[in-house]
Amino acid sequence: MLAVAETLGSSNNSQIVDLNANGGNIFTPGYAVYENGNLARLALLNFMTDPSGANDYTATISVGGGES
């Protein structure tokens, strides 16, 4: 619950967007949290399990900027 509370924030103005990360893979979802129309936080989750211990994945994040 703490992770969810930290992700949503305290502004009571958060908008959550499912990033469809990794082609919609259910084991590595990603969410963007916007506040007042601006990206505030990302939540990247790893639900992968592998008996060999190969549970890591690398995330590449690009944030585009608008023109001023």
Task: Extreme residue, least open to solvent (accessible area, probe 1.4 Å), among residues of region 12-43 that are closer than 23 Å to ASN55 by Cβ and of a type in the set (Phe, Trp, Tyr) - done: TYR31
- [ ] Within region 37-68, track down each residue that is in contact (Cβ under 8 Å) with a residue 24 or more places away in the chain and assigned to a loop (DSSP other than H, G, I, E, B).
- [x] TYR57, ALA59, VAL63
Open item on the list: Is it the case, given these coordinates, that ALA43 is among the aliphatic types (A, V, I, L, M) and either in contact with a helix residue (DSSP H, G or I) (Cβ under 6 Å, 6 or more places away or on another chain) or at pLDDT below 80 (or both)?
Closed with: yes
Open item on the list: I'm told GLN15 meets every condition in (1) at pLDDT 85 or above; (2) part of a loop (DSSP other than H, G, I, E, B) except one. Can you identify the failing condition by its number?
Closed with: (2)
Open item on the list: Looking at region 1-29, I want the residues that are among the β-branched types (Val, Ile, Thr) and have a partner that is in a helix (DSSP H, G or I) and modelled with pLDDT under 90 with Cβ atoms under 8 Å, at least 6 apart or on another chain. Which pairs are those?
Closed with: ILE16/LEU8; THR28/ALA21; THR28/ASN22
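The values are calculated or read from the model by the stated rules, or taken from the named source; none is laboratory data. Since the model is a prediction, treat every value here as computed from it, not as a measurement. Glycine also receives a Cβ, built like all others from the backbone with ideal geometry; neighbour counts cover every protein chain displayed. Ligands, DNA and RNA are stripped out before the accessible areas are found, and what is left, the full protein with its side chains, is counted by its heavy atoms. Shrake-Rupley method; radii C 1.70, N 1.55, O 1.52, S 1.80 Å.
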